Amino acid sequence: MMGWIRRRLWRAALADPDFLFLLDPPPEGEAVSLDCETTGLDPWVDEIVAVAAVPVVGNRILTSSRFEAVVRPTRMPEAGSIKVHGLRQRDVAAGRPMSEVLPELLRFIGPRPLVGYYIDFDVRMVDRYALHQIGTRLPNRRIEVSSLYYDRKYGKAPPGTAVDLRFASIRTELGIPDLGQHDALADAVMAAMMWVQLRDLQARGQRLRLERRREATAAPLGA
Amino acid sequence: MATGFDAQNPPFDRLTQQEVEELRAAADIGYFTPGETIIARGRASDVLHVVIKGAVEAREGEALQGVLGPRDSFDSRALVHRAAGEDFIAAEETLCFLLPGALVRALIARNPAFAAFFYADVSRKLEAFAEARRPEGGMEGVLRARVRDAMRHRAVTIPGSATIAEAGQAMREADVNALFVRSDGRVGVVTGMNLGKAAVLRGLPLDTPVAEVTHFDVVSVEADDFLFDALLAMTRHSKRRLGVRDGDAWVGFLEDIDLLGQFAGNSQLIPGRIDGARSVEELAAPARAIQDQVERLWRQGVKVEAIAEITSDLNRRLLVRLFELVAPPSIREQGCLILMGSEGRGEQTVRTDQDNGLLLAGPVPEAELAAFREAFSGALDSYGFPPCPGNVMVRNPLWSQTLEGMTRQLRGWIQERTPEAAMNIAIFLDAVALTGRLALLDEAKAALFGMMRGEAALMAHFAYLIESFATPSLGVLGTIMASVGVGEDAIDIKKAGIFPIVHGVRTMALDRGIAATATSGRIDALVAGGALEEGLGRELLGALRVFMAYRIASQIDAVRRGNVAAEALVRPSALTSADRDILRDSLRVVRHFREVIGTRFKTSVF
């Protein structure tokens with residue numbers, strides 16, 4: 001929960017009062033899984049080319065009422081990033097400008113918490129457009145699946161344990177099928193799957209097992 | 001595709017691209033925590049669940065009926081019939097697609113192939129399943145071909161009063177070698193060969209009315225029948241030419257040569273080769289041909305019950321011919337060759353045993369009997385019939401003796417009350433008489449029915465055999481074993497499915513004194529007599545066909561791999577989810593039937 005002062009400051013910065021609903025109390029048990037595909041990894045320079053948001057209500061991932069948009073960036077994506085998200089120049093050229101997509105996205109998300117894998121990056125990307133268009137950043141609470149995972153997996157790990165928080169590693173550990181990475185919707189759906197499962201493990205106090213590394217020298221020879 | 005919904009997974013593979021897109025757009029994803037009840041038994045569900053990851057147990061009270069894994073869907077009955085058949089409980093952290101019930105029901109109404117998956121009735125589901133089974137090797141055309149398409153000889157009809165010479169003329173003009181002959185309101189067939197024999201061998205004058213050399217026992221098929229029906233008729237009646245009718249009219253002939261190019265099995269030629277064999281050695285080739293055609297027919301997509309029918313016909317012909325060749329006059333005069341067990345029921349496809357015996361009206365010279373026993377069973381051994389594990393064959397004196405001895409033997413088995421004795425009675429109950437003094441078998445069976453009539457305790461003992469093998473739940477071991485990484489699940493279809501149905505129906509038939517031996521015939525008689533509810537009868541037959549279909553597939557596989565011990569093993573993990581669903585339904589029918597038998601014959605006292 002944002003403190004009272006921060007809420008006042010946010011409200012003062014908000015240029016467009018239409019978006020005051022972002023401060024409403026979020027509906028119980030709801031969240032939105034968010035993922036952006038971008039032209040690169042620098043939030044100051046790079047731009048969003050696709051965004052997907054999938055609501056989660058209780059334990060149900062509402063893929064049927066998802067938000068998806070392809071965005072036309074001001075600079076066209078370069079070869080390096082096309083390799084990552086598969087959106088070519090001609091694909092994003094068919095997209096809509098962010099000035100049109102952002103209000104729709106914000107109305108879709110509303111005051112609900114945002115779920116994602118490295119969600120700070122995605123929110124920072126959206127924030128850049130929000131600062132420009134409505135004068136302020138997103139006030140929504142953020143839920144980071146990799147830290148939930150860290151807590152379930154490595155929370156009581158002995159010092160020196162190798163920590164692996166790669167997306168594919170989390171996905172494999174939780175038994176979630178690969179829906180095709182670097183597609184905004186697939187990433188958002190997989191993050192939502194991770195979240196509902198991790199949240200349940202947390203509620204039940206269940207931990208993920210650390211696989212013990214066997215010493216390489218232990219192989220019995222001549223046995 | 002971004003949500004990972006797999007449209008290749010049956011039954012969704014039967015949807016059009018547009019229908020798949022509709023489903024994808026409407027699907028949600030649900031998460032279920034271990035132990036959570038997803039659908040309770042008897043409750044409706046407004047979504048169809050398709051497992052993405054995890055495991056879901058199907059439970060009926062305490063009993064675990066099956067474990068569903070990725071790509072399995074549930075529960076069609078909760079969705080369509082508004083009441084789930086079982087409790088569905090998440091066994092692990094589970095994710096499922098949730099497909100809206102209203103949309104699924106709309107697709108069911110629109111798309112019959114998709115709808116078949118949701119039938120409650122196993123037999124209807126099976127029909128759809130059988131149709132979906134694509135023949136291997138691009139032979140679909142053969143299956144769908146109608147008699148009309150293969151028929152190359154048009155009908156020419158002449159009156160019976162026409163002369164032999166006129167008939168010959170008519171054949172030449174129409175370029176055919178058989179004619180329909182209409183005489184005294186009957187229709188018969190005369191062939192060029194008939195005319196030739198009449199003139200040359202019998203020396204009949206050329207102005208003899210053709211009706212005199214016409215045969216009127218015409219075997220016919222309908223023009224719209226499948227070619228396969230024609231093949232069956234040719235095999236059964238040992239005919240190489242069939243009359244083709246279209247309603248009331250005769251429209252042409254179908255000759256075996258017309259079929260030659262179509263069916264690789266050529267089973268219509270086997271009877272001729274059997275009847276033509278003049279020694280035990282000459283029978284070897286057609287005996288092998290019978291077995292070879294089973295696999296070919298199966299690959300061509302012929303239904304399993306039809307294969308069993310055709311194979312059983314041919315095997316019977318073979319045994320009769322062998323009997324004629326090796327039995328000395330004393331045995332041919334006194335004896336009756338009988339076929340028992342699955343052979344007697346006509347439900348055997350790939351050979352698993354011999355299951356034959358001999359009944360004698362009176363004593364025959366011991367030396368002749370001993371020689372015959374060895375010659376008969378020895379010949380079958382050499383043709384590749386596996387020796388019967390239960391030693392049910394002519395070679396075993398227990399199964400080749402006088403009527404009097406056999407009746408005494410049956411009484412002994414009844415009093416013995418051991419499972420082995422009950423099994424022997426069961427095998428004998430399935431007997432059919434093949435050749436010789438057919439009435440001997442009727443007498444022996446009448447004696448058996450007489451001994452069992454009204455004997456509730458004896459019937460209970462007999463019925464109790466059904467409990468010999470437990471009906472497994474699908475995939476229970478699978479998940480446990482897979483999670484520790486050893487072994488894999490396999491179900492013995494013969495023990496788990498076929499035997500309980502066959503034996504339960506057999507018990508009811510014995511109780512009612514029904515003479516039919518085929519399970520389907522017994523079910524018909526039981527339903528007609530009011531002893532069996534019609535719906536259950538249909539379900540049992542449907543389930544039996546499912547098991548037989550899986551079994552023949554696994555038998556053919558076992559024969560190919562040379563591992564006959566595994567002939568009845570089916571690995572659910574190797575099946576598609578639609579197949580698993582049908583197997584699960586069929587096993588449910590078996591479990592229900594066990595309860596019916598248990599209640600009716602009070603087997604619970606054991």
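The values are calculated or read from the model by the stated rules, or taken from the named source; none is laboratory data. These figures come from a predicted structure and were not determined experimentally. Cβ: placed from backbone, ideal geometry, glycine included. Neighbour counts: every protein chain shown. What goes into the accessible areas is simple: the full protein's heavy atoms, side chains included, and nothing from ligands, DNA or RNA. Shrake-Rupley method; radii C 1.70, N 1.55, O 1.52, S 1.80 Å.
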Listing of the range A:135-181 residues, each with accessible area lower by at least 40 Å² in the full protein assembly than in the chain alone (probe 1.4 Å): A:Leu179
Where a ≥ b ≥ c are the square roots of the eigenvalues of the C-alpha gyration tensor, would you call chain B rounded, which needs a/c under 1.5, or, failing that, prolate if a/b is larger than b/c, or oblate? oblate
What list of ³J(HN,Hα) couplings, whole Hz, do you get for the range A:53-59 from phi and the Karplus terms 6.51, -1.76, 1.60, once you set θ to phi - 60° and write x for glycine and proline? 9, 10, x, 10, 10, x, 9
In the neighbourhood of B:Val20 defined by beta carbon distances under 12 Å, the net charge of the other residues (Lys, Arg +1; Asp, Glu -1) is -3
For B:Leu438, the net charge from surrounding residues (Cβ-Cβ under 14 Å; K, R +1; D, E -1) works out to +1
Mean separation of Cα pairs under 8 Å and 6+ residues apart, divided by the residue count of chain B: what relative contact order is that in percent? 11
Grab the beta carbon distance between B:Glu222 and B:Ala284, set R0 = 51 Å, and tell me the FRET efficiency rounded to 0.05. 0.90
For B:Arg152, placing the label point 7 angstrom along Cα-to-beta-carbon and taking the range B:176-191, residues whose amide nitrogen sits under 15 Å are B:176-178
Whole-Hz ³J(HN,Hα) from phi, Karplus 6.51 cos²θ - 1.76 cosθ + 1.60, for the range B:314-319, glycine and proline x: 5, 4, 5, 4, 4, 5
Listing of the range A:43-65 residues, each with accessible area lower by at least 30 Å² in the full protein assembly than in the chain alone (probe 1.4 Å): A:Asn59, A:Arg60, A:Ile61, A:Thr63, A:Ser64
With just the Cα atoms defining each centre, how far is the range B:354-432 from the range A:62-107? Give it in Å. 80
Expressed as a rounded percentage, what relative contact order does the range A:74-155 have, with Cα pairs under 8 Å and six or more residues apart? 27
List the residues whose amide H sits under 5 Å from the amide H of A:Thr136, counting only those 5 or more places along or on another chain, with H placed 1.01 Å from N in the peptide plane. A:Ala15, A:Leu131
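If R₀ is 35 angstrom, what is the calculated FRET efficiency for the pair A:Arg207 and B:Arg571, using the beta carbon separation as r and rounding to 0.05?
Taking R0 as 35 Å, the efficiency between A:Arg207 and B:Arg571 is 0.55.
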Which residues make up the longest stretch of chain B that has no trypsin sites (Lys or Arg not before Pro) in a DSSP loop with at most 16 other Cβ atoms within 10 Å? B:454-601
Label-point separation (nm) for B:Asp275 and A:Arg96, each offset 7 Å from Cα along Cα-to-Cβ? 8.0
Loop-resident GluC sites (Glu not before Pro) in the range B:19-66 with no more than 10 other Cβ atoms inside 10 Å, DSSP not H/G/I/E/B, are B:Glu62
Could you pull out the longest piece of chain A with no exposed loop trypsin sites (Lys or Arg not before Pro) in it, calling a site exposed if DSSP puts it outside H, G, I, E, B and it has at most 16 other Cβ atoms within 10 Å? A:1-74
State the answer as a single residue: which of B:Ala116, B:Ala58, B:Ser76 lies farthest towards the positive end of the charge dipole of the range B:12-120, with beta carbon charges of +1 for Lys and Arg and -1 for Asp and Glu, about the Cα centre. B:Ala116
In nm, to one decimal, how far is the modelled label at A:Thr74 from the one at A:Gln89, with both set 7 Å along Cα→Cβ? 1.9
Would you kindly derive the ³J(HN,Hα) couplings of the range A:185-194 from the backbone phi angles with the Karplus curve 6.51 cos²θ - 1.76 cosθ + 1.60 (θ = phi - 60°), listing them in order in whole Hz, with x for Gly and Pro? 5, 4, 5, 5, 5, 5, 5, 5, 4, 4
Please list, in chain and number order, the residues 5+ apart from B:Val47 or on another chain whose amide H is under 5 Å from its amide H, with Hs placed from the backbone. B:Gly101
Long-range amide H contacts for B:Ile38: which residues qualify at under 5 Å (H placed 1.01 Å from N, peptide plane, sequence gap of 5 or more or a different chain)? B:Phe88, B:Ile89, B:Ala90
For B:Thr33, what charge total do you get from the other residues with a beta carbon under 12 Å from its beta carbon, if Lys and Arg give +1 and Asp and Glu give -1? -2
Average Cα contact separation per residue, the range A:115-217, under 8 Å, 6 or more apart, as relative contact order %: 31
4 °C / 1.567 mPa s Stokes-Einstein diffusion coefficient of the range B:12-120, Kirkwood radius on C-alpha pairs, µm²/s: 93
Which of B:Ser220, B:Ala549, B:Phe449 sits farthest toward the positive end of the charge dipole of chain B, with +1 on the Cβ of Lys and Arg and -1 on the Cβ of Asp and Glu? B:Phe449
Carbon plus sulfur, as percent of the 1.4 Å-probe accessible area of the protein assembly as shown, comes to 52
Simple spin-label estimate for A:Arg7/B:Glu404, 7 Å along Cα→Cβ, in nm, reads 10.7
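To the nearest hundred square angstrom, how large is the accessible surface buried between A and B, total for both chains, probe 1.4 angstrom?
1700
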I want to check a number: in the protein assembly as shown, how many lysine pairs have alpha carbons closer than 23 Å, given a sequence separation of 8 or more or different chains? 9
Within the range A:25-105, list the GluC sites (Glu not before Pro) lying in a DSSP loop whose Cβ has at most 16 other Cβ atoms in a 10 Å radius. A:Glu28, A:Glu78
Just the number please: accessible area per residue for the range B:149-295, 1.4 Å probe, all protein chains included, in Å². 49
Put B:His153, A:His132, B:His215, B:His592 in order of accessible area, largest first, probe 1.4 Å, and you get A:His132, B:His592, B:His215, B:His153
Could you put B:Glu324, B:Glu374 in order of accessible surface area, largest first, with the 1.4 Å probe and the full protein assembly present? B:Glu374, B:Glu324
